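Novice: If you scroll down you'll find the structure; I have some questions about it.
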Amino acid sequence: MGKIRRVSTLLLLFAALLPGAVLAQELSHPELLSGIKTVTSPGEAEEWLRYYYKHPRPDLALSALKVIETDARIQQQFALLPVSAFVAQIFRANPDLAPQAVRQLRSNIGRQLMLYAVWLSGLDSSTELLEEIKKGADERIARAAKEMMYRVPPDFLKDAVDSPTTVEALWGSYFASGDRRYVEKIASVLPLKNRSDEADSAIGIAAQDTLMLALARDPDLKPILETRLKTASAEEKPVLAEVIAKAASGTR
């Protein structure tokens, strides 16, 4: 069976890159958010989301999340974890935002987004916030909220990368924090793409494809990966070098 590629839903959302698109650097447009106090349009929400790690505006989080809540791509189940990882980072840095967001995002998809974001954030108030999400929720969400009260959330930097969705969750964490360790963690699983096991290979391919997409939209990632290349393992070095070279040449 051929190796299956799934274009990163998270990077489609963050970078608006389509399958097979020519890789090209995309530019931030911070002027879209300059002076505004509330995000009211998809364009403003996209700028806030895609470049938060470069121009953090936590003061726009609530209004931006209300717009993002209506994006059809978020309604795909496998997109919830990576986008929630992004929001979780914002909650950790701005814990007062979490209860406000939980109270305001009350649609089914909004509740699911809050469910995972609160859980992943590991805030001291997580149990109380999960109780709030349960109120008025459908049975499935209420049951999930109850289960999460007793489950330890993953630590994406310490835990093994066990799926392509976890790769995307690492990107979500990076796009909200700018912490290079998340990018380095993604690079660390590149060698898995050459494994015969299909599940392992899918993780490595996800790392490869998302790194190339991300490099195309943000050249600031290149020094991070070039620094890692100097100390990479013998198994990782050739695949990481290939990713950097292909991104530089605009090929996939």
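The values are calculated or read from the model by the stated rules, or taken from the named source; none is laboratory data. On a predicted model such as this, the values are computed, not experimentally measured, just so you know. Cβ: placed from backbone, ideal geometry, glycine included. Neighbour counts: every protein chain shown.
Novice: Checking the condition of a type in the set (Gly, Ala, Ser), closer than 23 Å to Phe91 by Cβ, without any contact (Cβ under 8 Å) to a residue 60 or more places away in the chain and surrounded by fewer than 22 Cβ atoms within 10 Å (Cβ to Cβ), which residue from Ala160, Ala137 passes?
Specialist: The conditions single out Ala137.
Novice: Identify all residues within segment 102-128 that are buried (at least 20 other Cβ atoms within 10 Å of the Cβ) and not hydrophobic (A, V, I, L, M, F, W, C); write none if there are none.
Specialist: Residues satisfying the conditions are Gly110, Arg111, Gln112, Tyr116, Ser121.
Novice: Regarding Pro238, is this residue at pLDDT below 90 and either over 26 Å from Arg50 (Cα atoms) or exposed (fewer than 12 other Cβ atoms within 10 Å of the Cβ) (or both)?
Specialist: no
Novice: Lys146: touching a Gly at 6+ places or on another chain (Cβ under 9 Å) and part of a helix (DSSP H, G or I), yes or no?
Specialist: Taking the combined requirement at face value, the residue does not satisfy it.
Novice: Among the residues of segment 28-56 satisfying the criterion of being in a loop (DSSP other than H, G, I, E, B) and closer than 19 Å to Met114 by Cα, which is farthest from the chain's Cα centre (by Cα)?
Specialist: It comes out as Val39.
Novice: Given the criteria at pLDDT below 85, of a type in the set (D, E, K, R) and surrounded by 14 or more Cβ atoms within 10 Å (Cβ to Cβ), does Arg6 qualify?
Specialist: Criteria met by Arg6.
Novice: Still on this structure, I have one more. From the list Ser121, Ser107, pick out the single residue that is closer than 30 Å to Gln208 by Cα, without any contact (Cβ under 8 Å) to a residue 40 or more places away in the chain and out of contact with any Cys (no Cβ under 6 Å at 6 or more places or on another chain).
Specialist: From the options Ser121, Ser107, the qualifying one is Ser121.
Here is a yes/no grid of residues against (1) under 18 Å from the mean Cα position of the chain (by Cα); (2) hydroxyl-bearing (Ser, Thr, Tyr); (3) under 23 Å from Ile74 (Cα atoms):
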site: Phe156; (1), (2), (3): yes, no, yes
site: Asp162; (1), (2), (3): yes, no, yes
site: Leu221; (1), (2), (3): yes, no, no
site: Ala232; (1), (2), (3): no, no, no
site: Pro238; (1), (2), (3): no, no, no
site: Glu242; (1), (2), (3): no, no, no
site: Ser249; (1), (2), (3): no, yes, no
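Novice: OK, next. Pull up segment 71-101, narrow it to residues that are in contact with a Pro (Cβ under 8 Å, 6 or more places away or on another chain) and not in a helix (DSSP H, G or I), then point me to the one that is surrounded by the most Cβ atoms within 10 Å (Cβ to Cβ).
Specialist: Asp71
Novice: Scan segment 59-105 for residues that are of a type outside the set (A, V, I, L, M, F, W, C), over 16 Å from the mean Cα position of the chain (by Cα) and more than 15 Å from Ser173 (Cα to Cα) and jot them down.
Specialist: Asp59, Ser63, Lys66, Thr70, Pro95, Asp96, Pro99, Gln100, Arg103, Gln104 - these are the residues of segment 59-105 that are of a type outside the set (A, V, I, L, M, F, W, C), over 16 Å from the mean Cα position of the chain (by Cα) and more than 15 Å from Ser173 (Cα to Cα).
Novice: So, of the residues in segment 25-59 that are of a type in the set (D, E, K, R) and farther than 15 Å from Gly178 by Cβ, which turns out to be modelled with the lowest pLDDT?
Specialist: Glu26
Novice: Right, something else. Out of Glu147, Glu132, which single residue is among the acidic types (Asp, Glu), under 22 Å from Val67 (Cα atoms) and out of contact with any strand residue (DSSP E or B) (no Cβ under 9 Å at 6 or more places or on another chain)?
Specialist: Among Glu147, Glu132, only Glu132 is among the acidic types (Asp, Glu), under 22 Å from Val67 (Cα atoms) and out of contact with any strand residue (DSSP E or B) (no Cβ under 9 Å at 6 or more places or on another chain).
Novice: Looking only at segment 53-70, decide whether some residue is within 28 Å of Asp162 (Cα to Cα), of a type in the set (Phe, Trp, Tyr) and surrounded by 21 or more Cβ atoms within 10 Å (Cβ to Cβ).
Specialist: No: segment 53-70 contains no residue that is within 28 Å of Asp162 (Cα to Cα), of a type in the set (Phe, Trp, Tyr) and surrounded by 21 or more Cβ atoms within 10 Å (Cβ to Cβ).
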